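These notes concern the structure reproduced below.
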Amino acid sequence: MALYEQLADRMAQHIRDRVLKPGERLPSVRKASRSSRVSPSTVIQAYALLEEGGFIEARPRSGYYVRATHFRHPPEPELSKPSKKTVTVDVSELVFSVLDSTRDRGIVPFGSAFPSPLLFPFDKLARGLASSMRRIDPWSTVTSLPSGHEELRRLIALRYANDGMNIGAREVVVTSGALEALNLCLQAVTRPGDIVAIESPAFYAALQAIERLGLKALEIPTHPQCGVSLPGLEQALQNANVKACWLMTNFQNPLGSLMPDGNKAKLVELLARYNVPLIEDDVYGELYFGERKPLPAKAFDREGLIMHCSSFSKCLAPGYRVGWVAAGRFAEKVERLKLMTTLSASIPPQAAIAEFIQHGGYDRHLRKLRRALAAQKDVMIQAIGREFPKGTRITHPQGGYLLWVELPGSINTLEVHRLALERGISVAPGPIFSAKREYTNCLRLNYGHIWSEQAEEAIAILGKIASSPV
Ligand SMILES: Cc1ncc(COP(=O)(O)O)c(C=O)c1O
């Protein structure tokens, strides 16, 4: 056996024995050549062999990592089948009670909607905040009303342009996080009693917004890989007087689905045919694991019907509460609603983010963040595959930091949530993602936190809870 084959064999054994764990980075070629006392070219050949065998994968500009896919991957859930009734929504109390119990810092935060704050450049942002505010033109605090910091809006428009989208800075309204943008958009295009089409399962804040505004939800079947079912949506548009859609085309919360570009184009065409606006929630668009950033549906819009909402909360600056909307033909209405409700977003955090985008290495930070999340995803899927009962299904998201887990048998995840909390672990139970409190056998788990032994143990505990019907 050639030297490189011997080395590859030894490393493959380490991977099988979990001495090298899924998601772990292999030593650099130079380091491995020194420690194994072989030439760098032998290491390169060994790594190529391991890659061919599916044991490891190369990540651009980062090195080689142990692949999770070498191990047993549980199957994915199937297309959801919500009941076709339009319903008034009443989930807020349930959502509050679940979320209240997950904020404690000592708890393993699988139920959280946020990635670890340790993944973000707070020091650099703070320096940018100080320096930009020292240089600020005092008049800009007046001229920025109500749409937001001019330079930040220009930079947002520039990033759209880099993605091939033609959205001027004047269309962009800065908001307090994406959530305000989403809520203002919903207010702009609906009146109490109107029907809003949403995914099933859906982000609970969409359900709460619908509830707060006295609207009705129509849940549409959604696929864990390619997002909302277009035939399902078309049927809804034909049969009900849908006044707006609220959807996530990129890394949907909670499924993690990514709608293919072809479907996005068809979705936009379908909505144009029925003249129904789309509130597009794209807060995870920057957190992709593939080669290039997925486009939003907005990129295919020619009618101004798509209101594209996003923020820096999940990709750069949690807690700064800076989001925005490019609201197409509804931009002026949204701007006025912003003016009437909170006047304008706070200037200092916007200035700090603008400074970071220009001088702080935003794209470098994003690459690092994506790599960390991709590796954490693999490790968590692996752990669930080992510890959860047979028959468990898990999504395989291509971005974001959320997994949707479908448990076998008759299990109530609200009860799993309660039992897990007693053991210091939070989970997000399925019913908070449904207007009809469906998905009682599902959980959303967050892999946006740096993996640790505590997390590994927590998955084992959850696996045990999930194995005993409750
Ligand atoms: C899917 C989704 N949309 C919107 C938001 C709100 O974003 P922001 O924190 O920028 O208001 C969140 C936050 O959890 C989210 O998960």
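Below are the figures for this structure:
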{"quantity": "Subset of the stretch 309-332 (residues that are out of contact with any Leu (no Cβ under 9 Å at 6 or more places or on another chain), surrounded by 23 or more Cβ atoms within 10 Å (Cβ to Cβ) and not hydroxyl-bearing (Ser, Thr, Tyr))", "calculated": "PHE312, ALA326"}
{"quantity": "Odd one out for ILE220 among (1) more than 26 Å from LEU270 (Cβ to Cβ); (2) away from the ligand (no atom under 12 Å from the Cβ)", "calculated": "(1)"}
{"quantity": "ASP194 being more than 25 Å from ALA299 (Cβ to Cβ), among the charged types (D, E, K, R) and in contact with a Lys or Arg (Cβ under 8 Å, 6 or more places away or on another chain)", "calculated": "yes"}
{"quantity": "Pairs where the first residue, in the stretch 194-205, is farther than 21 Å from LEU270 by Cα and the second is more than 9 Å from the ligand (Cβ to nearest atom) and of a type outside the set (Val, Ile, Thr), C-beta under 7 Å, 6+ apart", "calculated": "PRO201/SER80; PRO201/LEU255; PRO201/GLY430; PRO201/PHE433; PRO201/SER434; PRO201/TYR439; TYR204/PHE433"}
{"quantity": "The stretch 320-344, residues that are assigned to a loop (DSSP other than H, G, I, E, B) and touching a helix residue (DSSP H, G or I) at 6+ places or on another chain (Cβ under 8 Å)", "calculated": "TYR320, ARG321, ALA327, THR342, SER344"}
{"quantity": "Positions within the stretch 442-458 being at pLDDT 95 or above and surrounded by 21 or more Cβ atoms within 10 Å (Cβ to Cβ), in sequence order", "calculated": "CYS442, LEU443, ARG444, LEU445, ASN446, TYR447, GLY448, ALA458"}
{"quantity": "Counted residues, the stretch 267-312 - those being closer than 16 Å to ALA244 by Cα, within 12 Å of the ligand (Cβ to nearest atom) and not acidic (Asp, Glu)", "calculated": "2"}
{"quantity": "Selection status of VAL91, among the hydrophobic types (A, V, I, L, M, F, W, C) and touching a His at 6+ places or on another chain (Cβ under 8 Å)", "calculated": "no"}
{"quantity": "Scan of the stretch 441-470 for residues that are of a type in the set (Ser, Thr, Tyr) and more than 22 Å from the chain's Cα centre (by Cα), ordered by number", "calculated": "SER467, SER468"}
{"quantity": "Some residue of the stretch 347-365 being closer than 20 Å to GLY256 by Cβ and touching a Leu at 6+ places or on another chain (Cβ under 7 Å)", "calculated": "no"}
{"quantity": "Extreme residue, surrounded by the most Cβ atoms within 10 Å (Cβ to Cβ), among residues of the stretch 189-216 that are within 16 Å of the ligand (Cβ to nearest atom) and assigned to a strand (DSSP E or B)", "calculated": "GLU199"}
{"quantity": "Options LEU179, LEU237, LEU158, LEU186: the member that is outside any loop (DSSP other than H, G, I, E, B) and free of Cβ contacts under 8 Å to residues at least 24 places away in the same chain", "calculated": "LEU158"}
{"quantity": "Selected residue (only one of PRO146, PRO138, PRO121 is in contact with a helix residue (DSSP H, G or I) (Cβ under 7 Å, 6 or more places away or on another chain), more than 20 Å from GLY361 (Cα to Cα) and more than 16 Å from the ligand (Cβ to nearest atom))", "calculated": "PRO146"}
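The values are calculated or read from the model by the stated rules, or taken from the named source; none is laboratory data. Since we're looking at a predicted model, the values are computed, not measured. Note that we place each Cβ from the backbone using ideal geometry, even for glycine, and neighbour counts take in every protein chain shown.
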